[in-house]
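Everything on this sheet refers to the single structure shown next.
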Amino acid sequence: MNPISPAEMLSIQNDVALAACDKDCQIQRLPSNTPTNRGVPAGNYSTIATVKAAMTQPTSTHLENYAYAIEALATWLVKLPVGTDVKAGDHLVIDGQTLDVQVILDPHSYPGLLPLLASELKK
């Protein structure tokens with residue numbers, strides 16, 4: 001069995017993203033300036049990219065394994081194209097709803113999409 005070449009993998013990832021990602025998603029991040037005296041980054045979230053995304057309900061295993069991060073928040077399994085610049089703490093705006101990225105579920109041997117868990121913002 002021959003491994004998948006990088007060119008084939010890129011083609012597969014592009015095809016999967018086109019087929020599965022049906023929602024517009026703005027990725028927002030705080031500026032990387034000096035934190036405030038409380039250690040919290042200062043500033044406002046701003047859009048760093050707009051990509052297509054897919055959303056599904058997380059599995060019970062996701063919820064159990066990451067309960068420490070998501071607590072009792074409404075959480076989604078969001079999938080973005082591989083290579084998307086996204087980090088824990090970023091915000092995703094999808095269908096008018098703002099979600100907080102909790103956990104990036106990576107790496108995978110042959111990733112088709114980049115999965116992550118994102119939760120409703122605490123009010």
**Request:** Per residue of segment 18-28, in order, report the coupling 6.51 cos²θ - 1.76 cosθ + 1.60 (Karplus, θ = phi - 60°) as ³J(HN,Hα) in whole Hz, putting x for Gly and Pro.
**Result:** 5, 6, 9, 8, 10, 10, 6, 9, 8, 9, 10
**Message:** I need the phi-derived Karplus couplings for segment 2-14: 6.51 cos²θ - 1.76 cosθ + 1.60, θ = phi - 60°, integer Hz, Gly and Pro marked x.
**Reply:** 8, x, 6, 6, x, 5, 5, 4, 4, 5, 4, 4, 5
**Request:** For the chain, give the percent of accessible area contributed by carbon and sulfur heavy atoms, probe 1.4 Å, rounded to a whole number.
**Result:** 53 percent
**Item:** Structure-derived Rg and Dmax of the Cα atoms in Å: which label, when the choices are (1) 15.7, 56; (2) 20.5, 70; (3) 15.7, 50
**Value:** (1)
**Prompt:** What is the chain's relative contact order, in percent, from Cα pairs under 8 angstrom and six or more apart in sequence?
**Reply:** 26 percent
**Under 5 Å, built H, 5+ apart or other chain: amide partners of residue 49** = 27
**Prompt:** Karplus couplings for segment 90-107 from phi (6.51 cos²θ - 1.76 cosθ + 1.60, θ = phi - 60°), rounded to Hz, Gly and Pro as x?
**Reply:** 5, 10, 10, 10, 10, 6, x, 9, 9, 10, 9, 5, 9, 9, 8, 9, 9, x
**Asked** Once you charge only the Cβ atoms, +1 for Lys and Arg and -1 for Asp and Glu, what is the size of the charge dipole of segment 60-118 about its Cα centre, to the nearest 20 debye?
**Response** 120 debye
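The values are calculated or read from the model by the stated rules, or taken from the named source; none is laboratory data. Note that the structure is a prediction, hence the values are computed from the model and not measured. Every residue, glycine among them, receives a Cβ derived from its backbone with ideal geometry; neighbour counts consider all protein chains shown. To get the accessible areas, we keep the full protein, side chains included, count just its heavy atoms, and leave off ligands, DNA and RNA. Shrake-Rupley method; radii C 1.70, N 1.55, O 1.52, S 1.80 Å.
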